[in-house]
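Here is the structure we will look at, set down as structure tokens.
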Amino acid sequence: DEQTTVQPPLYEDRYLAVTRTALIIKRFYFPTLSARAIPWTAIEWVRLARDADVKWYELKMWGMGVGTIWWNCRARALTWDGGPKLHGMGEILATNVVVKVKGAWIRPGSFVEQPEAAMAAIGQLIYRSHAHSE
């Protein structure tokens, strides 16, 4: 039956999935690394960290630093890809997203492997879920 067929995500990497029903932040909860699914109707906005005015002191490898962002599990400043790689602030802010959930004080945050592709998919679904809400 075609109506029960599961739709593939519009975007997916090791840290984030953009589906038609929700934004899924992988490796989110401590200590289980389980995912958090946030329905599009609950999301006010999603922005790259640089566009959400994230400061250096708000960044953390996992959990909440000084600020209101709970990050999924991923080394942000130093990674290992065949050897140690140090990431600058501009690169970090361009490869992480922040989500504003309606009525919530804490904002979920996630690393994203392909920021442009992820934000294009997110933009389509945010627009669709908010187009008739006003």
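Quick note: the coordinates plus some simple rules give every number you see, no bench work behind them. Quick caveat: nothing in here was measured; it's all calculated off a predicted structure. No Cβ is skipped: glycine too gets one built from the backbone with ideal geometry, and neighbour counts run over all protein chains shown.
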Inset, instruction - Treating only the Cβ atoms of Lys and Arg (+1) and Asp and Glu (-1) as charged, compute the dipole magnitude of the chain about its Cα centre; round to the nearest 20 debye. - result: 460 debye
Inset, instruction - Quickly estimate the mean residue ellipticity at 222 nm for the chain, helices only: each DSSP H run with n ≥ 4 gives -39500 (n - 2.57), and the total goes over all residues, rounded to 500. - result: -5000 deg cm²/dmol
Legend entry - Cα-projected label distance for residue 113 with residue 14, points at 7 Å along beta-carbon direction, nm: 0.7 nm
Inset, instruction - Using a 10 Å cut-off on Cβ atoms, rank the peptides 50-62, 17-29, 101-113 from the highest mean neighbour count down. - result: 17-29, 101-113, 50-62
Inset, instruction - Report the percentage of all Cα-Cα pairs in the chain whose separation exceeds 27 Å, rounded to a whole percent. - result: 18 percent
Inset, instruction - Please report the relative contact order for the chain, taking Cα pairs under 8 Å with a sequence separation of at least 6, and give it as a percent rounded to a whole number. - result: 24 percent
Legend entry - Projected area, mean over directions - the stretch 8-55, Cα convex hull, nm²: 4.3 nm²
Inset, instruction - Could you tell me how many degrees, from 0 to 90 and to the nearest 10, lie between the Cα long axis of helix 115-130 and the main elongation axis, the longest principal axis, of the Cα atoms of the chain? - result: 40 degrees
